[in-house]
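**Q** Got a structure here, written out as structure tokens. Questions coming.
The values are calculated or read from the model by the stated rules, or taken from the named source; none is laboratory data. Model, not experiment: these values are computed from the prediction. Cβ sites come from the backbone with ideal geometry, for glycine too, and all protein chains shown count toward neighbours.
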Amino acid sequence: MKAQDIMQRDLITATAETAMDDAVRMMVANRISGLPVVDAAGAVVGIISEGDLLRRTELGTGAVAPGWIGWLAGQGRAAREYVRENARRVGEVMTVPVVTVTPQTELAEVVALMESRRINRVPVVQEGRLVGMLTRADLLRALAGLLPKADTRPVADAELRRRLLGSLRAQKWVPRVSFDVKVVDGVAELLGVITDERARAAARVLVENTPGVRAVVDHLIWIDPMSGMPIDRQPRGAADLQQRRR
């Protein structure tokens, strides 16, 4: 999927000269956490978001730093904080520069940008003009429409075991030896040894996502790779395998 497939197209924008109270009211009224800031030609020049408005004199949340830190930082930092806490125009507090993408940017690249830059929204720009906005909420809405629904159709135990083993053995995190699955009445029991606890959760997720599996029971034993000592775990799931099948 590409940015153009899920981006917002009906946008609310601000300019650098927009009054702070107007920008805040727009965000509140439209239930959005940020506004792209554009110039007269429609080019993105900044973004103003909730994060830019956390430290405000009106809220009593202005930054208070110990004296020695203020002394080390110098007058420049104090002046910058004063502007952020008291500015009356969007252009004085907006975040710049802005990371942008194009409508053709793959969603995987958009997500990588969001993670690496620690941002929640990315303007979508074409030929220098703002044409859309893509936020984490947009990604969530797209995911909601793509998540598979549970397949409750029964599968014979032997066939289900074959599918599970094939899927598990195709994963790099599954040990190539001492790993097995037993299936009884659609209940999959994970058997064997792992050397990394993270493989336990991964195995459960894979098995739970396999059509035909009614429940998962974890019999996996973790062996600490440093000490070589096994840590036996009690069965987990399917009511602890009906109390170890009594």
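Yes or no, residue by residue, for (1) under 28 Å from the mean Cα position of the chain (by Cα); (2) loosely packed, with under 11 Cβ neighbours inside 10 Å:
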| site | (1), (2) |
| --- | --- |
| M7 | yes, no |
| V24 | yes, no |
| V28 | yes, yes |
| V45 | yes, no |
| G51 | yes, no |
| G62 | no, no |
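**Q** Restricting to segment 17-42, what's the tally of residues that are at pLDDT 95 or above and of a type in the set (K, R)?
**A** Of the residues in segment 17-42, 1 are at pLDDT 95 or above and of a type in the set (K, R).
**Q** Quick one: would you say A108 is part of a helix (DSSP H, G or I) and surrounded by fewer than 16 Cβ atoms within 10 Å (Cβ to Cβ)?
**A** Taking the combined requirement at face value, the residue satisfies it.
**Q** Give segment 132-180 a look and list any residue that's within 28 Å of M7 (Cα to Cα), in a helix (DSSP H, G or I) and touching a residue at least 12 places away in the same chain (Cβ under 8 Å), or say none.
**A** Across segment 132-180, the qualifying residues are R136, D138, L139, R141, A142.
**Q** Among the listed residues E208, E197, which satisfies the condition of being touching a Phe, Trp or Tyr at 6+ places or on another chain (Cβ under 9 Å) and charged (D, E, K, R)?
**A** Result of the check over E208, E197: E197.
**Q** Does R136 satisfy the criteria of being closer than 30 Å to Q104 by Cα, touching a strand residue (DSSP E or B) at 6+ places or on another chain (Cβ under 8 Å) and of a type in the set (K, R)?
**A** When the stated conditions are applied, R136 passes them.
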